[in-house]
1. Report the gain in length on full extension from residue 17 to residue 73: 0.36 nm times residue separation, minus Cα-Cα distance, nm rounded to one decimal.
2. Helix-only mean residue ellipticity at 222 nm, the chain, DSSP H runs n ≥ 4 weighted -39,500 (n - 2.57), per residue, nearest 500. What is it?
3. If you line up the Cα atoms of the chain on their principal axes, what length do they span on each, largest first, in Å?
4. Please check: in the Gaussian network model of the chain (C-alpha springs, under 10 Å), which one of 12, 59, 26 has the largest mean-square fluctuation.
5. Length gain on complete extension for the stretch residue 60 to residue 45, per 0.36 nm per residue less the alpha carbon to alpha carbon distance?
Amino acid sequence: MAGAMKPDAVARIPTGVPVLLLTGERDPASNMAENVHALEALMRDAGLQVEAHYYPDARHEVFNETNRDEVTADLTRWIDRVLGR
């Protein structure tokens, strides 16, 4: 995560590429949700098209959580929107 949060790493992401961030608010891996909030802000400040979803009761593997149907539906909606379906 630390490498992805460096301004030069964010600057290498093409501005036309949409970004989706998904994380659990209860992720114990290095305060992941806090880091994702910071990464989201860094990406927005760089002018990237970023969308983030923070799941309050989820932990690290959001596709294997009890709310995985919600996470999968959010991902599917995002893909459909990005592809213009």
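What follows is calculated from the coordinates using simple rules that are stated; it is not laboratory data. Every value quoted in this text rests on a predicted model; they were computed, and no experiment measured them.
1. 18.1 nm
2. Computed ellipticity for the chain at 222 nm equals -12500 deg cm²/dmol.
3. So the three principal-axis extents are 36, 35, 14 Å.
4. Evaluated over the chain, the most mobile residue of the options is 12.
5. Here the segment from residue 60 to residue 45 would lengthen by 2.8 nm.
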